[in-house]
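Asks: So that we are looking at the same thing, I have put the structure below in structure tokens.
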Amino acid sequence: MELTIGIVQMDCVIKDKEANIQKAEQYIDQAGMNVDVLCLPEFFTTGYHLGLINDDFYTLAETVPGPTVYRLAEKAKKYGTAIIANIVEKDSLQESVLYDTTFVIDENGDYVGKYRKVHLYPTEHQYFRSGSEFPVFDLKGMKIGIATCYDHAFEEMFRIMALKGAEAIFIPSAVPKNFEYLLNLRTCARAQDNQIFTVAINRVGTDGECTYCGLSKIVNPRGEVVCEAGDEEGVLIGTIDLSLILKERKQEPILRSRRPELYASLAENPNPKY
């Protein structure tokens, strides 16, 4: 089965939710009829810079599902396109608790579910609480997982989702310049590690002194880049062929060759100091 993926690589106006949502909607209008799944980068409604946003995160946050979910759901329904997007979520029961959350809307405009970023970058702990689950969702006839930015450093979570049946893992990010090597290496490695597709959705533009590197991309189960953006705004469109997963796994049965009875020490050993 083949699916067409659209990656919105956009700049964001710091703390201007309406301007950012309107820009995202313009990109959805531009590409919505031509893709099966459309993705948006990390914190696309607010921008990412922690120091510039600071405590305003608490007023910018919203519930999931909530206003932005419902607004994008109308676009998904209009174009028959599934949408994956990331925003600042406030807990519906404790508004002082925030999460870095990616939500999924199907092609009918129905809310499917959400993933709360599990591995927070050290500076993010000041504002956000970690998630604790690695859900896999059914979307457009495939099974997908979500990882967010720094999550791509943790191969264990990708393996868990692959074992749950994930065929593609989407990675909304805000990776700055000078860290391109991590974006490039990890997106390819996580795909080949598990013989799945990975989709990196990074942003561009500048928040204060921080400039984001773009380089959004789709990587196939061989670890090969299918398509890649530069550092400009726009919609990157590429096709994934899910039959490549089985082809690769027949050639080299990585998941079937695992020895999980030998891996218990991964969970038993404490994290090192560095």
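The values are calculated or read from the model by the stated rules, or taken from the named source; none is laboratory data. Here the structure is a predicted model, which means the values were calculated and not measured. Neighbour counts run over all protein chains shown; Cβ positions are idealised from the backbone, glycine included. Accessible surface areas use protein heavy atoms only, side chains included; no ligands, DNA or RNA. Shrake-Rupley method; radii C 1.70, N 1.55, O 1.52, S 1.80 Å.
Asks: Take the residues in segment 100-150 that are touching a helix residue (DSSP H, G or I) at 6+ places or on another chain (Cβ under 7 Å) and among the aromatic types (Phe, Trp, Tyr), then tell me which one is surrounded by the most Cβ atoms within 10 Å (Cβ to Cβ).
Replies: Among residues in segment 100-150 that are touching a helix residue (DSSP H, G or I) at 6+ places or on another chain (Cβ under 7 Å) and among the aromatic types (Phe, Trp, Tyr), the one surrounded by the most Cβ atoms within 10 Å (Cβ to Cβ) is 103.
Asks: Which residues, taken from segment 165-183, are in a helix (DSSP H, G or I) and closer than 20 Å to residue 118 by Cα?
Replies: 182, 183
Asks: Condition first: surrounded by fewer than 19 Cβ atoms within 10 Å (Cβ to Cβ) and either among the aliphatic types (A, V, I, L, M) or part of a strand (DSSP E or B) (or both). Now tell me which residues in segment 15-37 satisfy that.
Replies: Selection gives 19, 33.
Asks: Filtering segment 38-56 down to residues that are touching a helix residue (DSSP H, G or I) at 6+ places or on another chain (Cβ under 8 Å) and either open to solvent by 40 Å² or more (accessible area, probe 1.4 Å) or assigned to a helix (DSSP H, G or I) (or both), which residue is farthest from residue 218 (Cα to Cα)?
Replies: Only one residue fits best here, namely 53.
Asks: Output the residue which, of all residues in segment 237-256 that are in contact with a strand residue (DSSP E or B) (Cβ under 9 Å, 6 or more places away or on another chain), hydrophobic (A, V, I, L, M, F, W, C) and open to solvent by 30 Å² or more (accessible area, probe 1.4 Å), is farthest from residue 205 (Cα to Cα).
Replies: Filtering segment 237-256 for residues that are in contact with a strand residue (DSSP E or B) (Cβ under 9 Å, 6 or more places away or on another chain), hydrophobic (A, V, I, L, M, F, W, C) and open to solvent by 30 Å² or more (accessible area, probe 1.4 Å), the one farthest from residue 205 (Cα to Cα) comes out as 244.
Asks: So which pairs qualify, if the first residue must be in segment 65-81 and on the phi > 0 side of the Ramachandran plot, the second must be part of a loop (DSSP other than H, G, I, E, B) and open to solvent by 30 Å² or more (accessible area, probe 1.4 Å), the Cβ gap must be under 6 Å, and the two must be at least 6 apart or on different chains?
Replies: Note: pairs meeting the criteria are 80/107.
Asks: So the check is Cβ under 7 Å with 6+ separation or different chains; which pairs have a first residue in segment 118-129 that's under 17 Å from residue 154 (Cα atoms) and a second one that's part of a loop (DSSP other than H, G, I, E, B)?
Replies: Pairs that qualify, where the first residue is under 17 Å from residue 154 (Cα atoms) and the partner is part of a loop (DSSP other than H, G, I, E, B), are 118/130; 118/131; 118/132; 119/154; 120/130.
Asks: Counting just the residues of segment 184-208 that are in a helix (DSSP H, G or I) and touching a residue at least 60 places away in the same chain (Cβ under 8 Å), which one comes out least open to solvent (accessible area, probe 1.4 Å)?
Replies: Filtering segment 184-208 for residues that are in a helix (DSSP H, G or I) and touching a residue at least 60 places away in the same chain (Cβ under 8 Å), the one least open to solvent (accessible area, probe 1.4 Å) comes out as 194.
Asks: If you go through segment 115-135 one residue at a time, do you hit one that is touching a strand residue (DSSP E or B) at 6+ places or on another chain (Cβ under 7 Å), on the phi > 0 side of the Ramachandran plot and not polar (S, T, N, Q)?
Replies: Within segment 115-135, none of the residues are touching a strand residue (DSSP E or B) at 6+ places or on another chain (Cβ under 7 Å), on the phi > 0 side of the Ramachandran plot and not polar (S, T, N, Q).
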